[in-house]
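The values are calculated or read from the model by the stated rules, or taken from the named source; none is laboratory data. Model, not experiment: these values are computed from the prediction. We place every Cβ from the backbone using ideal geometry, glycine too, and count neighbours over all the protein chains shown.
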């Protein structure tokens, strides 16, 4: 048998390697679960009670501790971030400042919790915020509601990350912050995405739930019909919102708010004043330019960001002429961030557990928290008031026999003996006796006694009120409801987001481009151009009230995608694209071009050059008839090469200019010259042989020495036409001085031969020696001043060479019906 060793074994080597066999699956599973729980509970998900993530709660709490009240001055954001990071938040400063920036952005928060001073970024983060060393911040008034009564034992506190500080587990939250401001975050295996809501609506629903705890979702949705985003916009598709309010998950679409406006004289545009939540204008502009460059989007001419601090967001998308703005807008909704989907995922922490909550559950969790806060606040205040009442009652006992109190104190050997003798003599508590001993004699006057008795009565009343609240659940609920109502009244704002049950009828049924429909192009006496909706002339309404810009000096038939020509006094014919012209409403009558665009937007003219008429570019027509100031007439062969934007229709002599032009319809019209010496010449157009465009024309009227042509036109001899003339003096030929005018039937003037002198059309009175204005055309004639103001014309005078009558206003231009 072997002998057993009695020696003690040597101690283990402290540096001996110890290897533990651990299953890697178990280790990864445990570590991952710990990490996931940390992210869920400590970083990514908000608490359903106050609607804040830990970093937001720490920022609000620390700003409150620093005394950064709304009435105080701003402090550097870096100081706030440093305090939060050093005392409460065990993470980097970047995450703290990012959270703080978002809390200060009015386009991110429906009710901002930080009052920022400086650059805190822009919508869509197109312009990032300045560094925290440059920005300043303080609390908003709404933030004060989040921390209200936090020092009255209303919420639980827990140690911070190093155990040296205390931080609240939730804030008192005097308004439902989670629903009002929403939240977003990505945790491990779950995420949350909650849209903001209107404060008034949420509080209204909460108060309804306080009054009717069994209220169903439909009743609550009468108060909260849908989200209310800080950037406005339009929510399309309320069924998704109902699903989210019922189950905590749902989807809806947000559309930009867009209006169709005339952005330039030549173009219409889409003006965007509100974008979807978290979408910035730079993102939209970049997407539009990319689509236009790749030819996936048609009809966009230019995009301008005219956003400023005074007017807010204003994104102008100019539409090319020939495209329907509404159809282009539908394409923008489809292809760009001007329409975005928002997926609601109401995940929040309830008692430390992540839950998906519907609208009613969210309100119930908040209200339960609020009931607890108010109950704990009331208990705290009642305890404080009871303690104060206890002291006041003891002091009043002493004041009743103050002489005895003083005698006992003076006859005592020390303060401990004095305290014991007072307790025995007056049956006071230890706390009351100590308070009496600490009270200076100057507080023991008769006046102080009256004050103490008043304070005792007040404290007793307040204690009874607090006791009534604590003893009655109905009173507690009533108080919470009243406090919520006060918050809504003070901080509530109007709804910004429009709710649409579903998208309207698809705009894609409208053709993208303007159809090549018949229309009429009109030129007013004030130099405005426009086109009608169709080719029909304006209706003639007898006795219709006239307005400015209703004198149409030239009108031609065209199609919406065609071209017309503008004949100038310098003998040029300039092409104009009809689709570029603004379109007048079809119901306008009498004609009114107030919605037209200035002629200068479409053609470039010299300083002394004017447009005398519009013409079609139909080469099958009889062509143009032109008359010049020196009495030359020309019929132009219709030859308009399509590759030239500018054509010459006559070669003018030096010093000559075109005074009138008209497009012949049949070639059987009569041509009419009127000179300033009151001579009118009428002859058939067939007497003038058509010539090519470079030709200089032939003699049209024989002028006396010093005379010149002031009017030329062509009239259908079968039409009911009139002649209007205004006499004046050569020394005062301006718009402010006119003497007499005459309106005569056209058939009173006989035809003469070409290049003859014609007949007299008005007899001059004393002081008159010339005509300042003449016009011949179909009745009824319309007259206006330079600014387009209508002027009534005199009655028709059947005398061919009679004198005129005085006018009430100065006439600058006359034209026939459009």
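Summary table
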item: Among (1) part of a loop (DSSP other than H, G, I, E, B); (2) surrounded by 11 or more Cβ atoms within 10 Å (Cβ to Cβ); (3) at pLDDT below 80 - the single one residue 15 does not satisfy; result: (2)
item: Those residues of the stretch 82-96 which are under 34 Å from the mean Cα position of the chain (by Cα) and crowded, with 23+ Cβ neighbours inside 10 Å, in sequence order; result: 96
item: Qualifying residues in the stretch 428-447 (those that are within 13 Å of residue 400 (Cβ to Cβ) and part of a helix (DSSP H, G or I)) - the one modelled with the lowest pLDDT; result: 446
item: Any hit, the stretch 788-806, residues being free of Cβ contacts under 8 Å to residues at least 24 places away in the same chain and buried (at least 16 other Cβ atoms within 10 Å of the Cβ); result: yes
item: Flag if residue 762 is surrounded by 16 or more Cβ atoms within 10 Å (Cβ to Cβ) and farther than 15 Å from residue 719 by Cα; result: yes
item: Those residues of the stretch 651-670 which are within 57 Å of the chain's Cα centre (by Cα) and assigned to a strand (DSSP E or B), in sequence order; result: 658, 659, 660, 661, 662, 663
item: Checking residue 258 against (1) crowded, with 21+ Cβ neighbours inside 10 Å; (2) in contact with a helix residue (DSSP H, G or I) (Cβ under 9 Å, 6 or more places away or on another chain); (3) more than 21 Å from residue 304 (Cα to Cα), the condition it does not meet; result: (3)
item: Extreme residue, surrounded by the most Cβ atoms within 10 Å (Cβ to Cβ), among residues of the stretch 333-342 that are out of contact with any helix residue (DSSP H, G or I) (no Cβ under 8 Å at 6 or more places or on another chain) and part of a helix (DSSP H, G or I); result: 333
item: Every residue from the stretch 448-471 that is modelled with pLDDT of 95 or more and over 24 Å from residue 376 (Cα atoms); result: none
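Every residue, every condition in (1) more than 30 Å from residue 339 (Cβ to Cβ); (2) at pLDDT below 95; (3) buried (at least 16 other Cβ atoms within 10 Å of the Cβ); (4) out of contact with any strand residue (DSSP E or B) (no Cβ under 8 Å at 6 or more places or on another chain), yes or no:
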site: 149; (1), (2), (3), (4): yes, yes, yes, yes
site: 176; (1), (2), (3), (4): no, no, yes, yes
site: 183; (1), (2), (3), (4): no, yes, yes, no
site: 202; (1), (2), (3), (4): no, no, yes, yes
site: 206; (1), (2), (3), (4): yes, no, yes, yes
